[in-house]
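*Asks:* Pasting in a structure now, in structure tokens, and then I'll have a few things to ask.
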Amino acid sequence: MPRTHETVFTLEATPVKFGPGASQDAGWELRRLGVRRAMLVTDPGVMALGHPERIAGLIRAEGIDVVLYDRARVEPTIDSLQHAADFALEHDVDGFVSVGGGSAMDTAKVSNLILSHPAPVMAYVNAPVGEGRKPPAVLRPHLAIPTTSGTGSEATTVAVLDIPDLKLKTGISHRYMRPSQAIVDPELTRTLPAEVTSSAGLDVVCHAAESFLARPFDTRPAPDGPDDRPPYQGSNPVADVWSAKALEYGGRYLRRAVQGPDDIEARGYMMLAATMAGVGFGSAGVHIPHAIAYPVAGLKHVYQAPGYPTDQPFVPHGNSVIVSAPAAFRYTYDAMPERHHHVAGLLTGKPIAGADLDAETLPDVLIALMRDVGAPSGIAEFGYGDDDVAALVQGAVKQQRLLAVAPREPSSDDLEDIVRASMRNW
């Protein structure tokens with residue numbers, strides 16, 4: 001008998017090697033994956049810190065050729081990803097290593113996709129922006145080595161990109177894009193500025209909260225077949241475990257991680273939280289804050305983010321998602337009040353109980369965290385005003401892949417209310 005609603009969820013996780021000094025195993029791991037000629041992807045800022053050259057040396061010591069690509073763009077564009085993919089095709093590599101933040105890892109993911117199954121990058125971009133083509137088979141091995149504690153890209157199926165011509169950010173997502181192996185080494189985060197640690201950590205918190213507060217997987221319509229089951233499936237019992245632990249660590253360690261670059265315990269737990277949140281939202285998905293974040297980051301490029309490279313104004317991803325989270329969760333509260341209270345409790349480290357609990361409980365907790373770690377107060381700080389609201393809403397509406405797992409289905413008017421409320425959180 002055909003089922004009308006989904007009864008199945010899946011959970012896949014990148015194998016992870018975690019701990020101070022773990023990056024010393026990079027060559028061994030790549031040899032284990034059978035790679036003979038690797039493309040190492042990084043960006044100029046991380047390159048200047050010396051991590052990529054050191055890791056390249058470890059890989060060469062295992063008898064593996066390394067082709068270095070150090071032009072990954074912070075906040076990748078469709079053109080920068082195509083450039084990296086063309087480089088991979090030209091150099092005939094058979095595997096990838098990414099060393100850096102989400103931008104480097106996402107650049108490696110897309111390069112791997114195009115090398116394995118050649119086509120223009122736009123062919124794989126999520127519909128309705130791109131064709132939404134699905135890769136027909138698995139990709140080459142990819143060893144992901146994050147140097148930030150935020151995106152969780154080492155554990156996810158997603159690559160995020162900016163399309164300047166459309167003034168829009170969107171993504172490419174498929175289970176085959178998940179890295180083959182991750183090495184998470186807290187020592188690599190010592191050099192991160194406080195502002196980068198803050199933005200990346202708030203991304204962790206938002207990933208985990210959106211995943212935990214996603215629409216339950218069994219409320220979605222049943223797919224026509226296994227190939228039609230989306231990567232973002234809605235909250236489920238296993239994803240909840242990963243998301244909850246990431247929220248606990250974010251609430252406990254993010255303030256410390258921002259305050260002290262040598263607090264390896266705090267920065268290590270935030271890296272672990274990033275990976276855990278990546279596993280959680282890689283199954284359950286993210287929704288309204290991320291849907292709004294993409295046009296916030298893509299519509300204008302006038303904000304000069306403190307602590308980030310000064311050659312290209314942009315809104316860091318963690319900042320772009322967190323600014324709308326209080327208003328978004330205020331909107332979704334009625335769909336699952338108890339789960340919103342639980343998220344607030346995980347972030348504060350104590351059970352949330354009492355007769356005074358309401359839709360403001362979680363937003364208040366998030367705003368307190370944002371203020372403590374020096375986050376922007378709202379969308380207005382990025383150069384937006386009332387005249388931009390319609391364009392921001394239009395951009396968010398296009399992110400149907402994300403909005404589909406929101407616990408309440410927002411209309412354009414709902415999204416407008418959330419954007420306006422997010423212009424300033426304090």
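*Asks:* Cα axis of helix 412-421 to longest principal axis of the chain: angle in degrees, 0 to 90, nearest 10?
*Replies:* Value to nearest ten degrees: 90.
*Asks:* Ignoring solvent entirely, what values of log10 I(q)/I(0) come out of the Debye formula for segment 1-103 at 0.10, 0.16, 0.24 Å⁻¹ when each Cα is a single scatterer?
*Replies:* Those come out to -0.36, -0.75, -1.38, one per q.
*Asks:* PHE281: accessible area at probe 1.4 Å, nearest 10 Å²?
*Replies:* Result for PHE281: roughly 10 Å² accessible.
*Asks:* Count charges around ARG215 for me, please; just the other residues with Cβ under 12 Å from its Cβ, Lys/Arg as +1, Asp/Glu as -1.
*Replies:* Neighbour charge sum, excluding ARG215 itself: -1.
*Asks:* How do the peptides 100-106, 413-419, 54-60, 301-307 rank, highest first, by the average count of neighbouring beta carbon atoms within 10 Å per residue?
*Replies:* 100-106, 413-419, 54-60, 301-307
*Asks:* Rank ARG37, ARG229, ARG71 by mean-square fluctuation in a GNM of the chain with C-alpha springs under 10 angstrom and give only the top-ranked residue.
*Replies:* Maximum among the listed residues: ARG229.
*Asks:* Round to the nearest 10 and give me the degree value, 0 to 90, for the angle of helix 361-372's Cα axis relative to the longest principal axis of the chain.
*Replies:* So the helix axis and the longest Cα principal axis differ by about 50 degrees.
*Asks:* Still on this structure: Report the net charge of residues surrounding THR157, where surrounding means a beta-carbon distance below 9 angstrom and charges are Lys +1, Arg +1, Asp -1, Glu -1.
*Replies:* Net charge around THR157: +2.
*Asks:* Further, regarding this structure: What 222 nm value per residue comes from the helices of the chain, counting each DSSP H run with n ≥ 4 as -39,500 (n - 2.57) and dividing by all residues, nearest 500 deg cm²/dmol?
*Replies:* Using -39500 (n - 2.57) per qualifying helix, the result is -13500 deg cm²/dmol.
*Asks:* Of LEU166, LEU33, which has the most accessible area and how do the rest follow, probe 1.4 Å?
*Replies:* LEU166, LEU33
*Asks:* Net charge around LEU139, counting only other residues with Cβ within less than 13 Å of its Cβ (Lys, Arg = +1; Asp, Glu = -1)?
*Replies:* Summing Lys/Arg as +1 and Asp/Glu as -1 gives +4.
*Asks:* Could you report the accessible area of PHE96 in Å², rounded to 10, computed with a 1.4 Å probe on the protein chains as they sit in the structure?
*Replies:* Surface accessible to solvent at PHE96 totals approximately 0 Å².
*Asks:* 7 Å from Cα along Cα→Cβ at both GLU53 and MET122: what's the point-to-point distance in nm?
*Replies:* 3.9
*Asks:* Probe of 1.4 angstrom, ligands and nucleic acids ignored: what's the accessible area per residue over the chain, in square angstrom?
*Replies:* In whole numbers, the chain has 37 Å² accessible per residue.
*Asks:* Sticking with this one: Tilt of helix 78-91 relative to the longest C-alpha principal axis of the chain, in degrees (0 to 90, nearest 10)?
*Replies:* With both axes taken from Cα atoms, the answer is about 20 degrees.
*Asks:* Over all directions, average the projected area of the Cα convex hull of segment 21-169 and note it in nm².
*Replies:* 8.4
*Asks:* Can you tell me which of SER173, SER149, SER411 moves the most in a GNM of the chain? Springs connect C-alpha atoms under 10 Å apart.
*Replies:* Taking springs between Cα atoms under 10 Å, the residue moving most is SER411.
*Asks:* Here are some pairs, LYS109/LYS245; LYS167/LYS350; LYS17/LYS398; which of them have Cα atoms lying more than 31 Å apart in this structure?
*Replies:* LYS167/LYS350; LYS17/LYS398
*Asks:* Please give the solvent-accessible surface of GLU187 in Å², to the nearest 10, using a probe radius of 1.4 Å with every protein chain present.
*Replies:* Here the accessible area works out near 70 Å².
*Asks:* Among THR148, SER198, LEU357, flag the residue with its Cα farthest along the positive direction of the charge dipole of the chain, charges on Cβ as +1 for Lys/Arg and -1 for Asp/Glu.
*Replies:* THR148
*Asks:* Next question, about the same structure. Over segment 134-283, how many percent of alpha carbon pairs lie in each 5 Å bin up to the one with the longest distance?
*Replies:* Per 5 Å bin, starting at zero, the Cα-Cα P(r) for segment 134-283 comes out as 2, 10, 17, 19, 19, 16, 10, 5, 2, 1, 0 percent.
The values are calculated or read from the model by the stated rules, or taken from the named source; none is laboratory data. Note that the coordinates shown come from a computational prediction; the quantities given were computed from them, not determined experimentally. Please note: Cβ atoms are built from the backbone with ideal geometry, for glycine as well, and neighbour counts cover all protein chains shown. The accessibility values were calculated without ligands, DNA or RNA, using every heavy atom of the protein model including side chains. Shrake-Rupley method; radii C 1.70, N 1.55, O 1.52, S 1.80 Å.
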